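Note sheet for the following structure.
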Number of protein chains: 2
Amino acid sequence: MPFSYEYARPALTVDCAVFGLDEQDLQVLLIRRGQEPYEGRWALPGGFVHVDETLDEAALRELEEETGLRKVYLEQLYTFGGIDRDPRERVVTVAYYALVKLSDHKVKAATDAADAAWFDVNDLPELAFDHREIFEVALARLKGKVRYQPIGFELLPRKFTLTQLQRMYETILERKLDKRNFRKKILGMDLLVALDEVQKDVAHRAARLYKFDDRRYRKLVKQGFSFEI
Amino acid sequence: MPFSYEYARPALTVDCAVFGLDEQDLQVLLIRRGQEPYEGRWALPGGFVHVDETLDEAALRELEEETGLRKVYLEQLYTFGGIDRDPRERVVTVAYYALVKLSDHKVKAATDAADAAWFDVNDLPELAFDHREIFEVALARLKGKVRYQPIGFELLPRKFTLTQLQRMYETILERKLDKRNFRKKILGMDLLVALDEVQKDVAHRAARLYKFDDRRYRKLVKQGFSFEI
DNA sequence: TTTCTTGGTGTATGAAATACACCAAGATCG
DNA sequence: CGATCTTGGTGTATTTCATACACCAAGAAA
């Protein structure tokens, strides 16, 4: 045991609630544990923080190792320090949440990682440790934050229709929005760029595609603009 | 060195940005460091997390040990994990912010703790470690949160006047509010109880005192009410 | 009793949120 | 090839909420 300290130290981990958006509903990415404790249980991806990496780096590294995901939108959530979170010893975990474009990543996550799978947020299996609680906090944060910051776009493909956008908000906020009012509001913000392009392979009139103008958003924010759905 | 581990572990600390409200302005409580590194510098109160206490417990304990403060409003802020935050070794810190009623605590903090003092948030000395950054994040959080949750009351005495309340918001948000509109709005929320009592010892007409009805607030929240200034 | 300071009140205007329904486009099907 | 079906796309009227704004009252001090 080569590392010794004068006082006992908690172990430090990161865990990550990764959200993705299906056509129908919000999903979260879980991995099946291969070892005790909680062997065979589903859990949030995560692992130990190395002493030479930052917390964000640890979260990104674990995410890639365990699920194959890269370049996700990642944000620190909360740090959980309950004394008996882990039956082995004291473990403090810095929780993150991540948003991914399922359209890009769905296949990858299903193949690269042996035992990773997406679950509907309303139908989760029992989770290891206090991961159910972490998940709840993450979901609450997502629901709260999506209204005041344009993070929802991270869940959609780069080019999306207004209907997709509206459905995303309806799914996360769990309430219906009025189509005309929604369009008036979102287009009025002047954050979307209408592309010269429409949907393909749909069995009805194809909708116009838009993309989110991040550069413009940051500029407006500097001028005091504040996003709100 | 009695505690040994297979892999190197970062040390884990808590730090706390404690805010109080003067007549004039927002203040933060700092302590002067008695040891290297940064000996003599001002810093946020904080210290190591014991292996048998939660993070919240650690924050409360350190706060009492270093500043004499008890029963403060405390909330976890963010966890800072930069690799070189501390020149000695890797230290990850879970930062908190706290709100105290200066009216109750001012004397205490000034006497109990040898080297603790309140500073105007707009006129801070140089701080140790990355405490300046932690402070900035805490202040930003306070400014953001005070508008959407009734945490501002934690900075006022239990019984306060509407003018005090308005000044608190003006100080934190750094903008003037209209007296009549402010009163209309805050009284319309039905969260304040008008007491049969007025200010004492003022050289002008004494204002009515109010208190915040926390029970009622929680009830309204359950019914979907959301606070906003 | 005069003066000075802060307390306390209502209304009119503009901006934004909401409620609401129909025609158009285009693929599919008989 | 016309009928049908599904989703796309649009505007106005109403209500609600935010804002702007000024004067008298109370009470202590001079």
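Scanning region A:45-83 for residues that are in contact (Cβ under 8 Å) with a residue 12 or more places away in the chain and acidic (D, E), we see that the one that is nearest to the other protein chains (Cβ to nearest Cβ) is A:D56. Within region B:148-163, being farther than 19 Å from B:A17 by Cα and surrounded by fewer than 19 Cβ atoms within 10 Å (Cβ to Cβ) holds for B:Y148, B:P157, B:R158, B:K159, B:T161, B:L162, B:T163. Region B:115-218 holds strands (runs of 3 or more DSSP E) entirely within its bounds, and those carrying 2 or more residues that are within 12 Å of DNA strand C (Cβ to nearest atom) map to B:192-198, B:208-212.
Close Cβ contacts (under 8 Å, 6 or more residues apart or on different chains) running from residues in region A:196-214 that are of a type in the set (F, W, Y) to residues that are more than 7 Å from DNA strand D (Cβ to nearest atom) and part of a strand (DSSP E or B) comprise A:Y210/A:F160; A:Y210/A:L192; A:Y210/A:V193; A:Y210/A:A194; A:Y210/A:L195; A:F212/A:L192; A:F212/A:V193. Only residues that are at pLDDT 95 or above and touching a helix residue (DSSP H, G or I) at 6+ places or on another chain (Cβ under 8 Å) were counted across region A:49-74, and they come to 6. Residues in region B:45-85 that are buried (at least 19 other Cβ atoms within 10 Å of the Cβ), in contact with a Leu (Cβ under 7 Å, 6 or more places away or on another chain) and closer than 25 Å to A:T54 by Cα: B:P45, B:V49, B:A59, B:T79, B:G81. Here's a check for you: in region A:1-26, which residue that is part of a loop (DSSP other than H, G, I, E, B) and away from chain B (no Cβ under 14 Å) is modelled with the lowest pLDDT? Selected residue: A:Q24. Would you be able to say whether some residue in region A:129-137 is in the same structural domain as A:D84 (by TED's automatic domain parsing) and without any contact (Cβ under 8 Å) to a residue 40 or more places away in the chain? Yes, region A:129-137 has at least one match. Being part of a loop (DSSP other than H, G, I, E, B), more than 10 Å from chain A (Cβ to nearest Cβ) and buried (at least 17 other Cβ atoms within 10 Å of the Cβ) is the filter here, so list the residues in region B:86-106 that pass it. Listed by number, the residues that qualify are B:D86, B:V100, B:K101. A count restricted to region A:27-44 and to residues that are part of a loop (DSSP other than H, G, I, E, B) and either within 14 Å of chain B (Cβ to nearest Cβ) or open to solvent by 70 Å² or more (accessible area, probe 1.4 Å) (or both) stands at 5.
The values are calculated or read from the model by the stated rules, or taken from the named source; none is laboratory data. Remember, predicted model here, so these are calculated numbers, not experimental data. Heads up, the Cβs are rebuilt from the backbone with ideal geometry, glycines too, and the neighbour counts pull from every protein chain shown. SASA here: full protein model, heavy atoms, side chains in, ligands and nucleic acids out. Shrake-Rupley method; radii C 1.70, N 1.55, O 1.52, S 1.80 Å.
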